[in-house]
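Read the figures in this text as sums done on the coordinates, not as results from a lab. In this text the structure is predicted, and so the values were computed from the model without any measurement. In this analysis, Cβ positions are derived from the backbone assuming ideal geometry, glycine residues included, and neighbour counts consider all displayed protein chains.
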Amino acid sequence: MTDDLVVFVPGMFGSELVDDSGRAVWALRSRVLLAYVRQLGGLAALPPGLGEGQPGDGIRPGGLLLTSRLAFGLVPGPYDQLHKRLGKQFGAGVRYFTYDWRLSYRRSAQLLAEAVERWLTQWRQAGHPGARVVLLCDSEGGLVGRYFAEVLGGDVELHALITLGTPYLGTLKGAEMILGRGRSYPFRLNAAFATWPSAHQLLPTYPCVHRDGQLLSLTEAEVPGLPRDAVADAARFLDEIAPRPGRVLPYRFHIIAGTFQSTPETLASDGTTWRVRTSSDAGDGTTPLLSAAPEPYREQADVTLVPGHRVDLLSNAIVLAELTRATTAQGPSGRPAAEPLGLDLPSLVPAQLTMPVAAVSGRDEGFLRIRVTAPGSDEVRWESVLVRSGPDGRFEGTLRFPDKGRWRVRVESCAFEEVVELEDVLVEAVSRHSLHRAERHTLSLPGFDTLLDTDADDLPSPAVPPVTAVPDGHVPQTVRVPTSAPSTPTHPSTPEQRRLVAELAQQAASGREVPLHVQVVCNTEAGLGAALRAFDIPPDGTRLHVTVHAPGLVALGDLQQELMVRPGHDSDVVRFGLRTAATGLHQVTTRAFRGGTFLGEVHCQISVEHDGPTRDGRTRTAPLPSMAFEPGEVTLQVLEKDRQSGTYTFQLLSSRCHAPEVFSFRSGNPRRASEEIFKQLTHAAAEAAAGRPMSGARLRRRLRAHGAELWRSAVPEAVQRQFWEEADRIAAFTVLGAQDIVPWELLFPLNEGHEERGFLAEWLPIVRRVFGQERATGLSLDGAAFVVPPGSPADALDEVKALRAGFGTDVVDRGVFTDGEALVELIEHGYSGLLHFACHNSFGPTGSTVKMADGAFDPIDLAAAIQLRSLRPHHPLVFFNACRSAGEIDWFGSSLGWAPQFMRAGAGAFVGTLWPVRSSSALLFADAFYQELIVDRQPLGAASLAARQAITDQEGDPTWLAYAVYGNPAAVAATSYKNRSSIT
C-alpha cells in the first residue's frame, strides 16, 4: 500500500448540497427518479454576473453522493462501489472533496487547494512524512483537479492526476440544457442551470456548430440562447488548463475515457430550432472522445480507452487497476483496456421491452453472443446472438431484460480462446415513465421511440430464445461490458376492441352446482356491451389474470385462472365451479388484470332458494377500455370474506398472480386502530396550525411505530413476503377493495432482512380503487369549478384565488358554487373539468356532510349521478380539500363516502383527506399536485407522490400523509393548458 494520500473529486451533481439548517437540498435518497426532478427544480437561479463569487444563499456542500442513480445523464456513476473499493485498498489514506458544483470551477479548485494543504499536513504528521497526493477526479471534477495542478501550483504536491471522462474541451450536454432543448429536462432546471457559472464553463470550445457547410466553434458562430459572455468564459477557463508546449509534468497524468457510446457532438439548425447531433460511437454517452482525450493532452498523459458509458467507468476493473498502478511503483500501463468491444446502449432503457442492440468489435468474427444475468447469479435470463452487419465491425441483434432492476450483461466472442473480463456493472432498467424523465434524448437506436410507446406483455419470456450454433471446440471469450437494462417484446399489431363477458345462472336451488363461464371477446356482435377504445395485442397474444369473488357461494376450485388473448380471436372460455349454499341474492364479481393492472370487472347476480328452479341468467358484459398495463404496477386486492368474524382475503397481483390469503385481523376490528391513529394525527395537525407543532423527529417516530404495527397486524405474513419479493420492481401500488379497514398510506413496511424505506406513501405512488370504478386513462381538466359554501374556512376564498391565478387564462373558470342544488345539477349534467372543494366536511357516525347555502350536501345526493354514470364521458378530477373527505361509512350494506360515490359516478380521479389538515399545508399540497399533474405532465400516481414529497418538511405537520388518491395511477391530464405559474 502507498503512503500517498488519495483524494477523490466527484463530478457535477456528485456532492450533496444542504442549506443552513442542514436540510438536504440535493441528495439522491429517493428511490423514484421523479424525486430528482423536484430536488433539482428546487435549486434557484443564481444572480447574474456571479463570476468566482459566492451567491450567499446559504447552500453548502454536504457529503459524497453514494446512491447509484442517474439524472439527465449528468449525475455521476456508482460512487458507492468506488467508496468501498478505496476504503478497502487505501484505508485511512482516502479523502473525499465535495463542493458546490453550481459555482465556478476556479472557485472549487481554490477550495480544493486549501483542503489538500490541510489534509496532507495532517497525513504527514500522522506518520507519512514523504506522502504526496493522488487526485482521482470524476468527469467535471477533473476540471477542478487540472486547474488546481496547472494554475494554482498544486503540481508540486501531486504524485498522480487520474481523470475519468473529463470534458477538457467542454460538452454539448451543458449547452443542450441551457438551450432547453433536452426533452427530459424540466423547464425549472433549464432556467436554473443557465445561471450556473459551472454550466457556462462546460460549453464546448471545439468546432461543434454546423453552418453553411462548415463546422465552427461557438466563438465563431453565435447560437441564440447561449450567452456570449458564457461562451467567452468557457473558452478562457478551458484554455487556462490546456497543456503548454514543451512542459514536462512533475506528476503522472492519466486520462481514462469511455468510448463506443452514442454521444452528443455537434449542433445544427433547421432555420428555426437548434438540434443536437450524436456521433455513432465516439464517446461515453456524455463527453465525446475528442473532448475527453484531446490530441494536445495525449502528449502529456497516458490514455486508456474503456468501452462503456460514462456512469460505468468508476466500477470498471480496468479503471480500478489503473488507480492501483498510479499509486504504486508500477506506473500506468499505457495500454488500451481491451480489444475494441462495446455495446451501443444508452444508460437507461425501458424495462420489459425487446429492443435493438448493436455492438462494435475489432475482431474478425461472424457473430457475438450476448447474455443477461442477475447480479450474483449465473442463471441466464436472456440470451441472443448479434450478427455482423457490415465490414466496419458492427454487430446487431436484440436485447431484453425481464423486468425493472439491476442486471449484468456479458458479451462473448465466438472466435478466440483468450478471455478478457471487465468488472460487472449494475445498471437499472426502468419503467417507460421514468425513462421519459431521464435521458430519452440520447437514444439513437433504430425504432426506439416506437418501443417507448408499445405496450409490453406482463409475463417473462417462457424460454430462452435459440442461439446460432457455434463451431465445435469453441471456447468463448467473455467480456463483461457496462450496459443498462431493457425488456419485453414489441411487435407490429392491429388495434382491436374487447369486452369481458360472464355468464351465470340467474336462479338456482340450494346445493346445486352453477358454473360461471368467462370470456374476453372481440367487439363484433351488435348489442353486446359498449364500443371500446382500440388497443394493441402482440402477435403471440397476451395473458390476463381473471379472478372471481363470490361471497355466499362455495368455490369448487381455484377462483383465479389465466386467459390467453390473441389478435383477431375471442379467447377460450374459462370455467369456474361454484355451488349454491345460503339462500338469498348473491353477487358474483369477475375481474380482469394484466400484470398488476386492473382492466375491468363484470357483475352477475344469482338468487338461491330452497327447491327453487334453475334459470339461466343473461350474459353480462363489461368494457375493457384498454389492454395496456403499466410495467411495475402492483395491485393488492382486499375482499371481505366474513364480516361477522372479521375475515378478509388479501391477494397481490403483479406479473405473478399470487394466491389469495385468508386473514383475520389480529387486533380485532382494524377500524378502531385506524380511528386511534386518526385522532393522534388530527391532534398533531391542530397543534401545528396553532403554532405548537410537535417536534418533527418525535412525530415521525410515533407515526413510524403505528405504521409498523399496522403492517404487522393488518397484512398477512405471506403477503408481506410477496411484497418484498416485488419491492424493487414496483412502480405504482394500487389497493382495490375494502378501502376503509386500514389507512393504506400509513403502512410502514418493516421486516427483518429488508431495507427500511419509509411509509408506503413515502416511496411509492399509492392509489386506491373502488368497485365499479372504470380505469380512466385521461382526466378532463379543461375547466375548473370551486365549491365554497358559507361557513367555509376563513382562507378558503384565498385558496380559490391562488388556484385561479396559478391556472391562468388557459382554463375555463366555471365559477364558485355555494348551493347544493346547483352543484348536483352540474354533476348530473356531465361536468367536465376540475371540481375543487375548499370547505368544511363534517364526518361522524351518520356519514359525511357539506353544509351548503341551501342545506346539506351528502354522498347520497350522488345516487342519481351514479345510476346515470353522468361523469363517465369526461372523467373529471375531484379534489376535496376538506377534512376526512376520503372516509366511508356503511349504508344499507354498501360503502358510502365522497370518494366511492364520485368514482362510481364516473369521475376519473378523486383526491381527499383522511383527517383534518392545516389550510396552508393543504394549499401547498394542492399547488404541488397540480404542478406535477398539469405542468410537468406526470401521471396521477407520480404527481401525488411528488406532492407528498414537496411538503414533507413542514415541521410537526403530518399533512403530507393525509391525502388518499383514487383512480388509475397512470392517468394523465387531458388539458389544453399552455402556461401555469406557481401558486405559492
Quiz prompt | Ranking of GLU150, GLU222, GLU755 by count of other Cβ atoms within 10 Å, fewest first | solution = GLU755, GLU222, GLU150
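Please work out the FRET efficiency for the pair ALA690 and GLU821, using the Cβ-Cβ distance as r and a Förster radius of 41 Å; give the result to the nearest 0.05.
FRET efficiency, ALA690 to GLU821: 0.65.
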Exercise. Consider just the alpha-carbon atoms of the stretch 111-169 and return their Rg together with their Dmax, both in angstrom.
Key: 11.9, 40
Exercise. Let me know the Kirkwood hydrodynamic radius for the stretch 189-229, please, with Cα pairs as the basis and the value in Å to one decimal.
Key: 11.2 Å
Practice problem: Over the stretch 814-874, calculate the relative contact order: mean separation of alpha carbon pairs under 8 Å at least 6 apart, over the residue count, as a percent. | Solution: 43 percent
Quiz prompt | Cα pair distances in the stretch 732-887, grouped into 10 Å bins until the bin that holds the longest one, percent each | solution = 9, 32, 35, 18, 5, 1
Exercise. With r as the distance between the Cβ atoms of ARG277 and ARG247 and R0 = 35 Å, compute the FRET efficiency 1/(1 + (r/R0)^6) and round to 0.05.
Key: 0.50
Self-check item: Local electrostatic count at ARG704 - Lys and Arg +1, Asp and Glu -1, tallied over other residues with Cβ under 14 Å
Solution: +2
Quiz prompt | Estimated FRET transfer efficiency when R0 is 56 angstrom, pair VAL573-ASP20 (beta carbons, to 0.05) | solution = 0.25
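If we count every other residue with Cβ under 9 angstrom of HIS517's Cβ, Lys/Arg +1 and Asp/Glu -1, where does the sum land?
Neighbourhood net charge equals 0.
Quick check on the exposure proxy: order HIS754, HIS200 from fewest to most C-beta atoms within 10 angstrom.
Ordered by Cβ neighbours within 10 Å, fewest first: HIS754, HIS200.
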Quiz item: Where does the stretch 772-974 land on Rg(C-alpha)/(2.2 N^0.38 Å)?
Solution: 0.93
Exercise. May I ask you to evaluate 6.51 cos²θ - 1.76 cosθ + 1.60, the Karplus curve with θ = phi - 60°, for each residue of the stretch 645-657 and list the ³J(HN,Hα) values in order in whole Hz, giving x for glycine and proline?
Key: 8, x, 9, 10, 10, 10, 9, 9, 10, 9, 5, 10, 9
Self-check item: For the stretch 674-767: relative contact order, % (alpha-carbon pairs under 8 angstrom, 6 or more apart)
Solution: 29 percent
Self-check item: Distant-in-sequence amide H partners of PHE880 (H built 1.01 Å from N, under 5 Å)
Solution: PHE837, VAL911, GLY912
Quiz item: How far, in nm, would the chain grow between THR121 and ARG566 when pulled straight, counting 0.36 nm per residue and subtracting the alpha carbon separation?
Solution: 152.9 nm
Quiz prompt | Radius 13 Å from Cβ of ASP795, net charge of other residues (Lys, Arg +1; Asp, Glu -1) | solution = 0
Exercise. With N set to the residue count of the stretch 531-607, report its C-alpha Rg divided by 2.2 N^0.38 Å to two decimal places.
Key: 1.27
Quiz item: Among ILE162, ILE860, ILE741, which comes first, second and so on when ranked by fewest other beta-carbon atoms within 10 Å?
Solution: ILE860, ILE741, ILE162
Self-check item: Full-extension gain in nm, HIS610 to LEU868, via 0.36 nm per residue minus C-alpha separation
Solution: 89.3 nm
